[in-house]
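The values are calculated or read from the model by the stated rules, or taken from the named source; none is laboratory data. Quantities reported herein were computed from a predicted structural model and do not represent experimental measurements. Every residue, glycine among them, receives a Cβ derived from its backbone with ideal geometry; neighbour counts consider all protein chains shown. For accessibility, only protein heavy atoms count, side chains too; no ligands or nucleic acids. Shrake-Rupley method; radii C 1.70, N 1.55, O 1.52, S 1.80 Å.
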Amino acid sequence: MRITDVLVKQGLLTREQLGEALRLQKAEGVRIDRAIVRLGYLTERRMLEVLGAHLNLKVVDLAEVVIGREVLRLLPPKLVFRKRLLPIARENGALEVATSDAFDMSALDEVRLLTGLTVHPVLAPAEDIDKLIKAHYGVGGDTIDEMVAGDTTGSVAEVTSSEDLLEMAQEASVIKLVNELIIEAVNERASDIHVEPYEGALSIRYRIDGVLHEASLPPQIHRFQAAIISRLKILANLNIAERRVPQDGRIEFSVGGRQIDVRVSVIPMLFGEGIVMRLLDKANVLFTLTELGMDQATFDRFRALIERPHGILLVTGPTGSGKTTTLYAALNAIVSREIKVLTVEDPVEYHLRGVNQIPVEPHVGMTFERGLRAILRHDPDVIMIGEIRDLETARAAIQASLTGHLVLSTLHTNDAASAPLRLMDMGVEPYLVSSTLIGAMAQRLVRKICPKCKTGFAPDPRTVPADFGLEPADRLQRGDGCEACRATGYRGRTGLYELMVSDEELADHILRRRPPAELIQVARRSGLRLLREDGWAKVRQGVTTVSEVVTCTAV
């Protein structure tokens, strides 16, 4: 009986769905089982279970499999990566091999000839196999294996001449390895890639949800340090011969049809050049205001502020707290054919449809302050300044708001109440701050509990701060750790928000340069909720954990 007949007989597939799968098979030449999975009629695991029962093959859960080093050494990385096969156990002259393709007999024959062992295939989803291959053999393990085999001199890491570096960086294996490192980072949702040289070692780490994780790489990768760094510098249009001063560049990368903008920073270090790459995924970063994680009250008040005709609205927080993302979401919410929006940014991180964006170029004299004064002659309604860094930019922003423009910008302060005082510390007169500042919002990013391994538990009162207000019957949520979250218990991030809206009483206190503690007391009367309080609300909702809130809002 054919597998399609089995699926229809078991009620897992209708005749109409089978017809659609057959049409896809004919149009694109894909196998019928893969066409069914691709159309979403069955998950890959369910299809494998049916195939396993039909072909008398076992389906395994690789998350529960422990593979010994001696088993992994039975197959070369090149074969493992090429055929997507994973050796998982050896017993009594037989090798158990996980595959997602029950019909690839040639691959199993190749393993049989190579090892001289009887091969017992078992089935597992391709994604699970890929994860374990990368975990055990390393990202680009097959490529590095080829490079090691081809490096007969063993002196790749010692190459220093520009001509040799250029030639090495343009080799197909080096190009493939660097591509694999970036693709893996994108697939893991990394925001940054850190390439760090040490004595006799090269460390590559991915920042995922704000935390650095070591990339799984073969130890031999340090031998190709010079080639990897040179390749990255070539991609970023940097000078590979210059290894004494910092350099900055940019790479445009396409992964699965998505455009990834990579900002590259190179700094000379003791054992070579260190590189940090910021990955900007243009498709996945432009959030709407409702996706940022604001509670309804904060959302309503923030939305009212960005619809004001004039004034200054500041978003504050440390580097990496999502300030720019919030401003982009705000612009997305208000941009229309009726208003003109201009931005001055260093650099322009994401392209917004309907918004005129101007990059800052200090080396040609195009500063924030000069750009801001110039765009006022372009009759804007809303202006976004990437960051208020100095008195000149602050005064230009104040002037813009006084002449009837809404100005959005960011500032580095720990809380919302410190924003007006920071402007005054820069040299802006108190009466100008009190008359133009309509609001300030502090924010932080916290990791969200992984939805796939989320579970409830009764917390130990000793681990919960007193201001949380823990009740004896309270149950909280946490992630136990799974493949989806790299065993961290967290996946994705959301914001904590502290929005201070200026009113007559608050403006008077700002004019008199009252300290932040007094401004907070006044703002509380008009609805201010502190970052930590917003965090506790998200803990009770099962969005994040106590430790995340404590880490991000330490007092």
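Just checking, which of Leu18, Leu7 is crowded, with 18+ Cβ neighbours inside 10 Å, part of a helix (DSSP H, G or I) and in contact (Cβ under 8 Å) with a residue 40 or more places away in the chain? Show your work before the answer.
Numbers: Leu18 fails: in contact (Cβ under 8 Å) with a residue 40 or more places away in the chain.
So the residue among Leu18, Leu7 that is crowded, with 18+ Cβ neighbours inside 10 Å, part of a helix (DSSP H, G or I) and in contact (Cβ under 8 Å) with a residue 40 or more places away in the chain is Leu7.
Among the candidates Ser191, Ser203, the residue that is within 9 Å of the chain's Cα centre (by Cα) and polar (S, T, N, Q) is uniquely Ser191.
Which residues, counting only those in region 304-329, are part of a helix (DSSP H, G or I) and open to solvent by 10 Å² or more (accessible area, probe 1.4 Å)?
Kept after step one, since they are part of a helix (DSSP H, G or I), are these residues of region 304-329: 304-306, 323-329.
Matches in region 304-329: Ala304, Lys323, Thr324, Thr325.
Of the set (1) touching a helix residue (DSSP H, G or I) at 6+ places or on another chain (Cβ under 8 Å); (2) open to solvent by 50 Å² or more (accessible area, probe 1.4 Å); (3) β-branched (Val, Ile, Thr), all apply to Val66 but (1). Could we say that Gly354 is open to solvent by 40 Å² or more (accessible area, probe 1.4 Å), farther than 16 Å from Gln443 by Cβ and small (Gly, Ala, Ser) here? Against the criterion (open to solvent by 40 Å² or more (accessible area, probe 1.4 Å), farther than 16 Å from Gln443 by Cβ and small (Gly, Ala, Ser)), Gly354 qualifies.
If you go through region 281-331 and pick out every residue that is out of contact with any Gly (no Cβ under 9 Å at 6 or more places or on another chain), among the hydroxyl-bearing types (Ser, Thr, Tyr) and in contact (Cβ under 8 Å) with a residue 40 or more places away in the chain, you end up with 4. Using the structure shown, decide if Lys448 is open to solvent by 10 Å² or more (accessible area, probe 1.4 Å), over 16 Å from Thr316 (Cα atoms) and in contact with a strand residue (DSSP E or B) (Cβ under 6 Å, 6 or more places away or on another chain). The answer is yes for Lys448.
Among residues of region 78-101 being surrounded by fewer than 19 Cβ atoms within 10 Å (Cβ to Cβ) and of a type in the set (A, V, I, L, M, F, W, C), the one that is farthest from Val59 (Cα to Cα) is Leu79.
In region 261-271, which residue that is out of contact with any helix residue (DSSP H, G or I) (no Cβ under 9 Å at 6 or more places or on another chain) and assigned to a strand (DSSP E or B) is most open to solvent (accessible area, probe 1.4 Å)? Filtering first and then ranking leaves Met269.
In the condition set (1) open to solvent by 50 Å² or more (accessible area, probe 1.4 Å); (2) in contact (Cβ under 8 Å) with a residue 40 or more places away in the chain; (3) of a type in the set (A, V, I, L, M, F, W, C), Val364 is compliant with all but (2).
Listed here are the residues, each with its yes/no results for (1) open to solvent by 10 Å² or more (accessible area, probe 1.4 Å); (2) assigned to a loop (DSSP other than H, G, I, E, B); (3) not charged (D, E, K, R).
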| site | (1), (2), (3) |
| --- | --- |
| Arg250 | yes, no, no |
| Gln259 | yes, no, yes |
| Glu273 | yes, no, no |
| Phe287 | yes, yes, yes |
| Ala297 | yes, no, yes |
| Phe302 | no, no, yes |
| Leu331 | no, no, yes |
| Pro347 | yes, yes, yes |
| Ile358 | yes, no, yes |
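Against the list (1) of a type outside the set (Phe, Trp, Tyr); (2) assigned to a loop (DSSP other than H, G, I, E, B); (3) farther than 29 Å from Leu445 by Cβ, the condition His363 fails is (2).
What number of residues within region 238-248 are in a strand (DSSP E or B) and farther than 18 Å from Ile182 by Cβ? Write out each step before concluding.
So the first thing to find is which residues in region 238-248 are in a strand (DSSP E or B), and the list is 247-248.
Those left that are additionally farther than 18 Å from Ile182 by Cβ: 247.
Total satisfying the criteria: 1.
Is it the case that region 392-407 has a residue that's modelled with pLDDT of 95 or more, within 31 Å of the chain's Cα centre (by Cα) and within 11 Å of Ile312 (Cα to Cα)? The answer is yes; a qualifying residue exists.
Checking Ser230, Ser254, Ser203 one by one, the residue that is closer than 26 Å to Gly489 by Cα and of a type in the set (S, T, N, Q) is Ser203 and no other. Note down all Cβ pairs under 9 Å where the first residue falls in region 457-472 and is farther than 18 Å from Thr544 by Cβ, the second is assigned to a helix (DSSP H, G or I), and they're at least six residues apart or on different chains. What qualifies is Pro472/Pro461.
With respect to the conditions (1) touching a strand residue (DSSP E or B) at 6+ places or on another chain (Cβ under 8 Å); (2) surrounded by 16 or more Cβ atoms within 10 Å (Cβ to Cβ); (3) not in a loop (DSSP other than H, G, I, E, B), Pro459 lacks only one, and its number is (3).
Would you point out which residue out of Leu51, Leu132, Leu114 is of a type in the set (A, V, I, L, M), open to solvent by 10 Å² or more (accessible area, probe 1.4 Å), farther than 26 Å from Ile175 by Cα and assigned to a helix (DSSP H, G or I)?
Working: Leu51 fails: open to solvent by 10 Å² or more (accessible area, probe 1.4 Å); Leu132 fails: farther than 26 Å from Ile175 by Cα.
Only one candidate qualifies: Leu114.
Among the residues of region 473-514, which ones are touching a residue at least 12 places away in the same chain (Cβ under 8 Å), within 26 Å of Leu437 (Cα to Cα) and open to solvent by 40 Å² or more (accessible area, probe 1.4 Å)? Within region 473-514, Asp503, Glu505, Asp508, Leu511, Arg512, Arg513 meet the criteria. For region 193-232, a residue qualifies if it is out of contact with any Phe, Trp or Tyr (no Cβ under 7 Å at 6 or more places or on another chain), among the charged types (D, E, K, R) and touching a residue at least 40 places away in the same chain (Cβ under 8 Å), and the qualifying residues are Glu196, Arg223, Arg231.
In this structure, does Leu57 turn out to be in a loop (DSSP other than H, G, I, E, B), at pLDDT 90 or above and in contact with a strand residue (DSSP E or B) (Cβ under 9 Å, 6 or more places away or on another chain)? For Leu57, the condition - in a loop (DSSP other than H, G, I, E, B), at pLDDT 90 or above and in contact with a strand residue (DSSP E or B) (Cβ under 9 Å, 6 or more places away or on another chain) - is met.
Set side by side, the residues Ala517, Ala554 differ, and just one is of a type in the set (Gly, Ala, Ser) and under 26 Å from the mean Cα position of the chain (by Cα), which is Ala554.
In this structure, does Val80 turn out to be within 31 Å of the chain's Cα centre (by Cα) and either more than 25 Å from Glu214 (Cα to Cα) or assigned to a loop (DSSP other than H, G, I, E, B) (or both)?
Values: within 31 Å of the chain's Cα centre (by Cα): yes; either more than 25 Å from Glu214 (Cα to Cα) or assigned to a loop (DSSP other than H, G, I, E, B) (or both): no.
It is false that Val80 is within 31 Å of the chain's Cα centre (by Cα) and either more than 25 Å from Glu214 (Cα to Cα) or assigned to a loop (DSSP other than H, G, I, E, B) (or both).
Right, Val341: touching a Leu at 6+ places or on another chain (Cβ under 9 Å) and either of a type in the set (S, T, N, Q) or open to solvent by less than 20 Å² (accessible area, probe 1.4 Å) (or both) or not? For Val341, the condition - touching a Leu at 6+ places or on another chain (Cβ under 9 Å) and either of a type in the set (S, T, N, Q) or open to solvent by less than 20 Å² (accessible area, probe 1.4 Å) (or both) - is met.
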